[in-house]
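I have placed the structure first, in the form of structure tokens, so that the comments after it can refer back to it.
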Amino acid sequence: MRGDSRHPANAHIRDTVVGFARILLPLLILSVAEVARAQYSGMASGSITVPAGATAQNSSASSNINSQQNPFLGSVPSGTATPQVLRLSLRGAIERGLRYNLGLLLDEQSTREFRGQRWEALSHLLPQLTTETREAKEMVNLKAIGFPPTIRNVNPISGPFSVFDTRAYLSSAILDFHALRNERVASEQVRAAQYTYQDARNLVVLVVGNAYLLSIAAESHVHEAEAEVNTAQALYELAVDRLHAGLSPEIDMLRAQVELTFRKEQLIASRNEDSTAKLNLTRVIGLPDSQEFTLSTKMPSEPLEGITLEKALADAFANRPDYKAAVAAVHAAQERRRAVVAERWPSLSFDGNYGDLGLTPSNSHGTFLAQISVRIPVFQGRRVHGELIQADAQVKQKQEQLENLKGQISYDIRTSLLNLETAAQQVAATRSNVGLAAKTLTQARDRFKAGLTDNIEVIQAQEAVASADEAYITSLYQYNLAKVALARAVGIAEQVVLRYLGGRQP
């Protein structure tokens with residue numbers, strides 16, 4: 001309805017608008033309150049896409065992640081390199097990884113994207129208010145708008161004349177089940193994205209922990225190789241002295257020289273591996289280029305006890321963010337199906353405007369329009385039926401993925417515990433073997449000094465010591481990585497990984 005709000009003939013229109021307002025205001029308040037409640041509940045929860053490599057659970061975790069494609073092996077370097085050598089602890093490395101790891105940063109932006117989509121869904125439930133001001137020249141044909149042609153002496157062409165109009169427009173959904181269901185779909189997607197972000201943080205802990213432990217192992221290999229070089233050097237000098245004293249043939253000296261050269265080559269290779277491991281660690285935690293650092297955390301060796309299969313499984317289903325994200329994805333698919341069904345239901349909306357209309361701003365009059373509309377779908381060409389078939393398929397897919405994830409969680413936990421137990425036994429065996437190999441080397445060297453044998457026994461014993469040290473370092477790395485993988489499998493890596501590596505009960 002349009003008219004002059006100050007004209008007495010339009011008093012009944014004002015009364016009608018007031019009546020509409022009395023009915024409309026409580027409905028608008030209830031609508032906004034429902035949106036606000038949904039917004040609060042959505043911001044208190046979250047969602048995400050499970051990143052590639054998220055199920056890496058064993059000592060080959062690093063090899064299962066493509067360093068050229070997986071963003072969790074990259075980072076955004078922060079800060080500038082300092083001339084001082086940085087002392088980097090495992091805790092410090094994990095904290096840096098949780099701030100600068102590329103995969104986590106990208107996942108954070110994905111979560112923000114889902115939040116933006118939720119605000120877009122909310123906009124269909126909130127009132128929309130716009131204003132417009134225009135001034136135009138018009139010429140109209142009165143006959144075209146129904147002016148009676150029987151009236152004589154009236155020119156049907158009117159104008160040109162000026163038109164000024166300034167107006168505010170308000171529209172709001174009062175009752176729209178389809179839009180409300182879509183908002184709930186977006187809320188579940190946000191919840192899933194937030195859980196996926198938490199899962200990504202656990203994955204970063206696994207990636208950084210693996211890189212740090214690898215770097216410790218590489219550093220240990222360097223120390224072990226240096227010790228082997230020193231031993232080979234001493235053996236070579238002993239062989240030279242015995243050769244000069246006429247107590248040993250030249251072949252003993254040549255064998256010792258070959259062994260020394262080989263150990264030096266091993267040392268060069270170990271130093272290269274150490275430098276590469278540090279570069280890999282730098283990449284995943286975002287250290288500045290050329291920043292020198294040393295590892296302040298030594299390789300942990302404490303046993304991890306007090307973990308049972310039943311407790312680990314219960315904790316995993318209670319804590320794993322990817323499981324919670326999968327549950328939220330099922331809920332989102334179910335809400336999407338309800339939103340499709342709601343397209344068949346009636347909807348109630350309000351549209352209105354108020355403004356001044358006249359030939360000029362000084363010669364204008366207040367006019368308004370207020371209307372409540374009821375939209376009832378009658379026939380939609382089976383479109384809703386088609387959308388419902390697709391929604392049912394999506395619900396079934398998400399439910400099947402959830403069931404598969406349940407089995408995967410059980411597999412991850414059982415595999416992690418098996419790896420942990422096996423690695424613990426390997427640590428005990430290799431530790432014992434290190435001591436035995438050292439005793440063998442001491443006895444072989446004493447026999448060589450006494451002239452009871454040639455240096456073949458000594459070289460073989462030295463190789464046995466090197467192999468035992470190598471096996472011990474590797475088993476210790478695998479044991480500690482198994483701890484980190486178990487924490488990741490349970491879904492609480494960020495909270496307990498340092499305690500697990502410390503050997504205390506969880």
- Message: Report every pair of residues separated by at least 6 positions or lying on different chains whose Cβ atoms are under 9 Å apart, first residue within the stretch 117-142 and closer than 27 Å to ASP165 by Cα, second in a helix (DSSP H, G or I).
- Response: LEU126/SER31; LEU126/VAL32; LEU126/VAL35; PRO127/LEU28; PRO127/SER31; PRO127/VAL32
- Please work out if GLU95 is touching a residue at least 24 places away in the same chain (Cβ under 8 Å), more than 30 Å from TRP345 (Cα to Cα) and among the acidic types (Asp, Glu). no
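I'm trying to understand the selection: among the residues of the stretch 344-361, which are polar (S, T, N, Q) and touching a Lys or Arg at 6+ places or on another chain (Cβ under 8 Å)?
Scanning the stretch 344-361 gives SER347, SER349, ASN353.
Got a sec? Which of ARG242, ARG283 is of a type in the set (D, E, K, R), modelled with pLDDT under 95 and closer than 30 Å to GLY103 by Cα? Reasoning before the result, please.
Working: ARG242 fails: closer than 30 Å to GLY103 by Cα.
Unique residue meeting the criteria: ARG283.
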- Message: Of all residues being in contact with a Pro (Cβ under 7 Å, 6 or more places away or on another chain) and among the charged types (D, E, K, R) in the stretch 108-149, which is modelled with the lowest pLDDT? Just the residue, please.
- Response: LYS143
- Note on the structure: Checked SER220, SER215, SER187 against criteria (part of a helix (DSSP H, G or I) and within 19 Å of ARG283 (Cβ to Cβ)); the one match is SER215
- Message: Let me confirm something: among ILE389, ILE376, which residue is more than 26 Å from LEU126 (Cα to Cα), among the aliphatic types (A, V, I, L, M) and either without any contact (Cβ under 8 Å) to a residue 24 or more places away in the chain or touching a Pro at 6+ places or on another chain (Cβ under 8 Å) (or both)?
- Response: ILE389
- Query: All but one of (1) under 30 Å from TYR169 (Cα atoms); (2) loosely packed, with under 13 Cβ neighbours inside 10 Å hold for GLY352; which doesn't?
  - Reply: (2)
- Item | Conditions (1) more than 20 Å from TYR477 (Cα to Cα); (2) modelled with pLDDT of 90 or more; (3) under 27 Å from the mean Cα position of the chain (by Cα): number failed by LYS278 | (1)
- Item | Residue list for the stretch 243-262, filter: touching a residue at least 60 places away in the same chain (Cβ under 8 Å) and part of a helix (DSSP H, G or I) | ILE251, ASP252, ARG255, ALA256, GLU259
- Message: Given the options LYS264, LYS278, name the one that is under 26 Å from ALA232 (Cα atoms) and not hydrophobic (A, V, I, L, M, F, W, C).
- Response: LYS264
- Task: Output the residues belonging to the stretch 250-289 that are farther than 30 Å from GLY209 by Cβ and among the hydrophobic types (A, V, I, L, M, F, W, C).
- Result: ILE251, MET253, LEU254, ALA256, VAL258, LEU260, PHE262
- Note on the structure: Scanning the stretch 409-463 residue by residue, those part of a loop (DSSP other than H, G, I, E, B) and within 38 Å of the chain's Cα centre (by Cα) turn out to be none
- Unmet criterion (only one of (1) over 30 Å from ALA332 (Cα atoms); (2) touching a residue at least 60 places away in the same chain (Cβ under 8 Å)) for VAL229: (2)
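The values are calculated or read from the model by the stated rules, or taken from the named source; none is laboratory data. Worth saying up front: this structure is predicted, and the values here are computed from it rather than measured. With ideal geometry, Cβ positions are generated from the backbone for all residues, glycine too; neighbour counts draw on all protein chains shown.
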